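In what follows, a single structure is set out as structure tokens and then discussed.
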Amino acid sequence: MRTPVSPAPPISPRVSFAKIREPLEVPNLLALQTASFDTLLGNERWQARVEAAQEAGETDIPMTSGLEEIFEEISPIEDFSQTMSLSFRDHRFEPPKYTVEQCRDKDFTYSAPLFVTAEFM
């Protein structure tokens, strides 16, 4: 007993993306990361973007840096009986100990120390 064979479904036309007439523009892949890092640190590039946004009337750029937001969020830290508290304010970065070239040559980590004024009450 033979089972009837159904015809194959019609083949859909294939679309080839191999032949693109105009090459696509390569996006700046680091722009988002560097902008986010600038916002976290609150450095000069971020401050310039904030000033430009204020002059243009834009409100999509945060007016406080990421570190300021973090310190505001966790401050003050209070003990259980609320008799003591620890607050953080006025953060700053000191210059790096080594230059970028020295770090590359000697396989050091390029870093800048972060100092924060802490107030204990």
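Odds and ends about this structure:
- Legend: ranking of residues M84, M63 from fewest to most surrounding C-beta atoms inside 10 Å; resulting order M63, M84.
- Restricting the calculation to Cα atoms, the range 28-90 shows an Rg/Rh of 1.16 when the hydrodynamic-style radius is the Kirkwood one.
- Treating each Cα of the chain as an identical point scatterer and summing with the Debye formula, the log10 of I(q)/I(0) at q = 0.14, 0.20, 0.22 Å⁻¹ comes to -0.92, -1.18, -1.26.
- Taking other C-beta atoms within 10 angstrom as a stand-in for reagent exposure, I70, I20 fall in the order I20, I70, fewest first.
- A cut-off of 5 Å between modelled amide H atoms, ignoring neighbours fewer than 5 places along the same chain, links S85 with M121.
- The percentage of C-alpha pairs in the range 75-121 whose separation is greater than 18 Å is 53%.
- For K97, K19, K106, order by how many other beta-carbon atoms lie within 10 Å, fewest first: K19, K106, K97
No value in this document is a laboratory result; all are computed from the given coordinates. What you see is a predicted model; the values in this text were computed from it and never measured. No Cβ is skipped: glycine too gets one built from the backbone with ideal geometry, and neighbour counts run over all protein chains shown.
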